[in-house]
Every structure is written in structure tokens, then in C-alpha cells.
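Below is one structure, written out as C-alpha cells, with a few remarks after it.
Nothing in this text is a laboratory measurement; each read-out follows from the coordinates by a stated rule. In this text, all values refer to a predicted model and were calculated from it rather than measured experimentally. No Cβ is skipped: glycine too gets one built from the backbone with ideal geometry, and neighbour counts run over all protein chains shown.
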């Protein structure tokens, strides 16, 4: 019986850890959203690469909700990169502390 209890405890622990990882991911993905130039943007590799690949200063692109917005490429690139890096640093710190508790 103790082997079964140990197995159940291990399974519950792994499930709790995976669940906590998923909640942590959702928490920081929600923090990637920000408003700028009349649009809602999700900071991330897709937006950063798009803005980095375009050379024009003022462009029109669609925001997270599919609305076309005229933006200053450099300003949005700086804001998206800063938001992305801040949230990824926080996410990584919280993830590492969660791993230590394990």
C-alpha cells in the first residue's frame, strides 16, 4: 500500500508542477499585451521581427485584433522589445524559483 501511496503522491506532485507551469505561462503571456498608437499589441518575437525587417519609418500594420494602425516603426519596436525583455526576465526568475521549490 505504501508503494501505491508514494506513486499517487509523485503523480499529484508532477501534475501540480505542470499546472503551475501552465498558469505561469498564461500569466506572462497576458502581460505581453500593451496599447500604443491606437492599437493593442502583443510583444513577442513575431512583432519584433516584423518591425525589425521593415525599413520605412511610418507604416501601417494590423494590431492584435486585426485593426489597421499607422505607427512609427522605431517607437513601437523599442516599446515591444522593452516589454518583451522585462516580462521574459520576470517569467524566468519566477520559473527558476518554482523549480527550486520542486
Checklist outcome for this item: If we keep only residues of segment 55-89 that are touching a helix residue (DSSP H, G or I) at 6+ places or on another chain (Cβ under 7 Å) and part of a helix (DSSP H, G or I), then the residue farthest from residue 31 (Cα to Cα) is 73
Checklist entry - For segment 48-63, what are the residues that are in contact with a strand residue (DSSP E or B) (Cβ under 6 Å, 6 or more places away or on another chain) and touching a residue at least 24 places away in the same chain (Cβ under 8 Å)? => result 63
Item to check | Residue count, segment 64-92 (criterion: in contact with a strand residue (DSSP E or B) (Cβ under 9 Å, 6 or more places away or on another chain) and touching a residue at least 24 places away in the same chain (Cβ under 8 Å)) | outcome: 12
Next on the checklist: Filter segment 34-51 down to the residues that are surrounded by 13 or more Cβ atoms within 10 Å (Cβ to Cβ) and not in a loop (DSSP other than H, G, I, E, B) and list them by number.
Outcome noted: 34, 36, 39, 40, 41, 42, 47, 48, 50, 51
Checklist entry - Out of all the residues in segment 24-33, which are surrounded by 11 or more Cβ atoms within 10 Å (Cβ to Cβ) and out of contact with any strand residue (DSSP E or B) (no Cβ under 7 Å at 6 or more places or on another chain)? => result 24, 25, 27, 28, 29, 31
